[in-house]
Structure formats: structure tokens, C-alpha cells
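**Student:** I am attaching a structure below and will ask some questions about it afterwards.
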Amino acid sequence: MAKIAFLGNTNCMPFRYALHMKKMGHEVVFYIDSNRDERLHRPEFLFREIGYPYPDWIVELGWKPRGRDYLTWPRNLRRLVDTLNADRWDGVVLCGEWLKLASYLKHRGAFVALLAGSDLDVVASYKQVMASRYPGSAVASIAAKGLQMLGAFLQRRGIRKCTLVNYYPEGINPNGDLLLQEIMKGGTYARLQNRGLSVENTPYRQPSTRTGASVVVFSPTRFIWKSPLPIGYTEQENKGNDVMLRGLAQFYLKTGIAIKVHLVEKGIHVNQAKELAAALGIAHLITWHQEMSLAEILEWYAASDIILDQFGSHWLGAGAVDSMLMGRPVIGNARNDVFVRVLGQAIPMCNAVNEQEISDWLEILVADCARRDSIGVEGRDYMLRHFDAKETAISIISHIEQFARGSDPRRGP
């Protein structure tokens, strides 16, 4: 059995795989760096089998390194590196800015990068650092930019040391694909293109038979949509929320059906979204909610008839996956141009990339509860077959064990 250390826990994505590895009998040590109020990054808020205080295999650091800590090396960071280097690991799995640590770890096993998004195309991008603006005097701004550039260098060096990279399927984020190729140029690595979720934690929930104005529509997607996006964001983060609102307005103006729309006040463009909804004449359809815990969001998926996901050029979010697992139809940009190639089958969701397609799907689903049910059942079956975190964990373990046996599983970029 393999011995694996985990560092970094963006949205508990790494913990999903660690938990499955632990259940498979592997020796896992998981380091938690987030505070208890950062609920999306704490496993006790997402996994019912994890209590607090933690079991022995989950180590709570009680601190989180800042970018400059990797340059000044405070005592707690040095102590952690010494602890990791004093032990034998078959694999070390890193996420977020913890990737900077890879080049300081001395074990001879595999290194795995679980790239969550900004840890590649923002933190590791020299272009993004150069485009950023920093407050203060010219001297202070230059100094801050210099530190960020050094941080990007360390992040890239850590990623380059990794033998396996788990990133979005090729084509979802072309800029990220190019940046990864740039970082890995001349080296070899394996790339895992499927990112599983904890499907066993999201059971099927019987849908309602509501039609017409009683239909409930919910979107958990954060509001990032008004271009140009602020410095520090990439266009891949554009969720297309304005397209969603225009689609809702087109449906309402055509049918006159006042469906119940529920949205979450999350993201940098919430106020602009409220202004747009008022201008479109649909503000009275919308109920706004403050940010929710995962448990609350899951209950909203179950209580809803239709889920709206992102309409940008990225891919379906975790909310779409959880909704489909519950058996709810999801309208959004499925990016089937990518998923047909990667998984061999289109995602059975209500694919829409513009307001007309959103309106058309709403017209169908609001009137036909049987159609909603059939799409939901098909979507759940697809997610169980293709998005199971256990399969991702098995792929990572296979890489680590091959590396431990001396059979190098890396390939050229």
C-alpha cells in the first residue's frame, strides 16, 4: 500500500480523493490549512463521515502560508518541510499555492498537482502578474510586482516537478493548456483529464410535478460576467450570467409565465446583475439569497425543478454535477465539443450558449414535468459513470504505485 501526503484543499476537491485512498487501505496524511470559517475548504462541512476534532490522519496546521512566506521561510513552514522530508512518501499531492513547496521536498516518489484553476492561470502566469496593478507609490508597486513574479517562478517550479497533473480536459481552458505546456516544456509528465466528485454523497431526490408559474428555477453560479473582468481574473472565469438573465427575460416576455427564480448573492458582479434584471423587466421574478453552506445549497437543488449553470466558455460547475446527481435537469454550456472527445459521450444536459436556447429549454421544461424527470434520470446515470471521485483516486494511486515500482508513467507534454 502507498503512503501519501496531501497539502492544499481548494473546495475540498483534494480531500475527495484522499478519503477514497484511505478507504482503499492506503496510508494517508492530510494537512488542513484553512480556518473553520472557510467552510468550503473544511471536510467536516462536506463529508458526513468526518467529525471534528479530526481523526489522527487529518492534521490541522492552524495557519496558512502567505505568498511571501515561501520567500522568508517562517519557522512553521520550515518545520513542516523538515517533517515531510524526514519521512518516506510514495506520493505527495499538492493543490493551490502549496505547489510552491514541491521543489523543496526531497522524497523520490511521485508528485501530483491537483490544479484548481487560478493556481495555474493566475498564480503561475507571468503575463497575469505583469498585467496586475498594485496600490501605493511607484517603488512599492514595483516591489510588490517583483515579489509576485518570484512567487510565480516558485509556483511554476513546483508544478514542473510534478509527475502527474490533474487539470480540466484539454480544450476547456486553451490558455491554461498553453501555460501548462510552457511550464512543462522539455520535461515529461502524465495528465489526468477527469475530475471526479463525491457522487455517493448526493442521492437521487424525487422531483416535483409542478408546471407553469409554480416551477422553481435555481442557479448557484457566482456572478462574474461584466467584461472586461478586473485584473486578476481571466476571461475563462466569465460565467455568462448576463446571458442567463437575458434568456430568462426572453422566456418571460414570450410566455408571460412568472416562474420563481432564486439566485445567490455571490461574486463580483451581483449589483450589476440586479441592475440588468431590473432593466430587463424580470426583477420581480427573482428572489436573492445570501451565500449558503453546501448543505443549504443541496437542499435548494432538491427543492428546485430546473437548475441554471454557467453560460460562459468554461465547463459545468460542481453545482451542475450535484444537481444532475439528484436527478434535476440542468441548462448550461455543456462544452460537449470537449467532453465527447474526452469521454466519448455528450453530457445529457440542456445545452445552451445564448438567450434563445435558454428560453427554448425553459419553455419545454416549465411545461413538461415528465421531460424534466427523464433528463434528470439520464443525467444522474451519466454522472455516476463518468464523474466518480473514486475513479479519479484510483488513477492517481495507479500513477503513484507505478512510479514507486520504477515504472515511469510520465509522457511527453
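**Student:** Scan (1) touching a His at 6+ places or on another chain (Cβ under 9 Å); (2) over 23 Å from Gly117 (Cβ atoms) for the single condition Leu343 breaks and write down its number.
**Tutor:** Condition (2) is where Leu343 drops out.
**Student:** Suppose the filter is in contact (Cβ under 8 Å) with a residue 60 or more places away in the chain, among the small types (Gly, Ala, Ser), within 18 Å of Val81 (Cβ to Cβ) and open to solvent by less than 20 Å² (accessible area, probe 1.4 Å); does Gly117 pass it?
**Tutor:** No: the conditions fail for Gly117.
**Student:** Right, another one. Only one of Ala152, Ala110 is surrounded by 14 or more Cβ atoms within 10 Å (Cβ to Cβ), of a type outside the set (Ser, Thr, Tyr) and touching a residue at least 60 places away in the same chain (Cβ under 8 Å); which?
**Tutor:** Exactly one residue qualifies, and that residue is Ala110.
**Student:** If you don't mind, another one. Identify the single condition in (1) open to solvent by 20 Å² or more (accessible area, probe 1.4 Å); (2) not in a helix (DSSP H, G or I) that Trp300 does not satisfy, given that it satisfies every other one.
**Tutor:** Only one criterion is unmet by Trp300, namely (2).
**Student:** What residue, of Trp361, Trp315, is open to solvent by 10 Å² or more (accessible area, probe 1.4 Å), assigned to a helix (DSSP H, G or I) and in contact with a Pro (Cβ under 9 Å, 6 or more places away or on another chain)?
**Tutor:** Just a single option satisfies the conditions, and that option is Trp361.
**Student:** Show the residue pairs that are 6+ apart or on different chains and have beta-carbon atoms under 6 Å apart, the first residue being within region 124-141 and among the hydroxyl-bearing types (Ser, Thr, Tyr), the second being assigned to a loop (DSSP other than H, G, I, E, B).
**Tutor:** Pairs that qualify, where the first residue is among the hydroxyl-bearing types (Ser, Thr, Tyr) and the partner is assigned to a loop (DSSP other than H, G, I, E, B), are Ser132/Ile231; Ser141/Tyr134.
**Student:** Is it fair to say Val353 is closer than 24 Å to Tyr168 by Cα and hydrophobic (A, V, I, L, M, F, W, C)? Even if it seems obvious, please write down each step before you answer.
**Tutor:** Working: closer than 24 Å to Tyr168 by Cα: yes; hydrophobic (A, V, I, L, M, F, W, C): yes.
When the stated conditions are applied, Val353 passes them.
**Student:** Please determine, by comparing only the residues of region 126-172 that are in a helix (DSSP H, G or I), in contact with a helix residue (DSSP H, G or I) (Cβ under 8 Å, 6 or more places away or on another chain) and polar (S, T, N, Q), which one is modelled with the highest pLDDT.
**Tutor:** Checked region 126-172; the qualifying residue modelled with the highest pLDDT is Gln155.
**Student:** Next question. Go over the candidates Ile375, Ile396, Ile400, Ile347 one by one and state the one that is open to solvent by less than 40 Å² (accessible area, probe 1.4 Å), outside any helix (DSSP H, G or I), in contact (Cβ under 8 Å) with a residue 12 or more places away in the chain and hydrophobic (A, V, I, L, M, F, W, C). So that I can check it myself, show each step before the final result.
**Tutor:** Working: Ile375 fails: outside any helix (DSSP H, G or I); Ile396 fails: outside any helix (DSSP H, G or I); Ile400 fails: outside any helix (DSSP H, G or I).
One residue alone meets the criteria, Ile347.
**Student:** Moving on to the next point. For region 97-107, what are the residues that are charged (D, E, K, R) and either crowded, with 23+ Cβ neighbours inside 10 Å or in a helix (DSSP H, G or I) (or both)?
**Tutor:** Result: Glu97, Lys100.
**Student:** While we're here: Only one of (1) among the basic types (Lys, Arg); (2) more than 17 Å from Met13 (Cα to Cα); (3) surrounded by 20 or more Cβ atoms within 10 Å (Cβ to Cβ) fails for Arg210. Which number is that?
**Tutor:** (3)
**Student:** Taking the options Gly187, Gly171, name whichever one is surrounded by fewer than 19 Cβ atoms within 10 Å (Cβ to Cβ), in contact (Cβ under 8 Å) with a residue 40 or more places away in the chain, at negative phi and of a type in the set (Gly, Ala, Ser).
**Tutor:** On the way: Gly171 fails: at negative phi.
Matching residue, one of Gly187, Gly171: Gly187.
**Student:** With the structure loaded, tell me whether Arg222 is touching a Gly at 6+ places or on another chain (Cβ under 6 Å), at pLDDT below 95 and crowded, with 20+ Cβ neighbours inside 10 Å or whether it fails that test.
**Tutor:** Taking the combined requirement at face value, the residue satisfies it.
**Student:** Something else about it: I'd like the residue in region 19-46 that is in contact with a helix residue (DSSP H, G or I) (Cβ under 7 Å, 6 or more places away or on another chain) and modelled with pLDDT under 90 and, out of all such residues, is least open to solvent (accessible area, probe 1.4 Å).
**Tutor:** The selected residue is Leu46.
**Student:** List every residue pair whose Cβ atoms lie under 6 Å apart, where the two residues are 6 or more positions apart in sequence or sit on different chains, the first residue falls within region 3-16 and is surrounded by 23 or more Cβ atoms within 10 Å (Cβ to Cβ), and the second residue, located anywhere, is of a type in the set (Val, Ile, Thr) and in a strand (DSSP E or B).
**Tutor:** Ile4/Val28; Ala5/Val29; Ala5/Val92; Phe6/Val93
**Student:** Show the residue pairs meeting these rules: Cβ distance below 6 Å; 6+ apart or different chains; first residue within region 65-89 and on the phi < 0 side of the Ramachandran plot; second residue part of a loop (DSSP other than H, G, I, E, B) and surrounded by 12 or more Cβ atoms within 10 Å (Cβ to Cβ).
**Tutor:** Asn76/Trp63; Leu77/Pro65; Leu84/Leu105; Trp89/His107; Trp89/Gly109
The values are calculated or read from the model by the stated rules, or taken from the named source; none is laboratory data. These figures come from a predicted structure and were not determined experimentally. Reconstructed Cβ throughout: ideal geometry from the backbone, glycine too, with neighbour counts over all protein chains shown. For accessibility, only protein heavy atoms count, side chains too; no ligands or nucleic acids. Shrake-Rupley method; radii C 1.70, N 1.55, O 1.52, S 1.80 Å.
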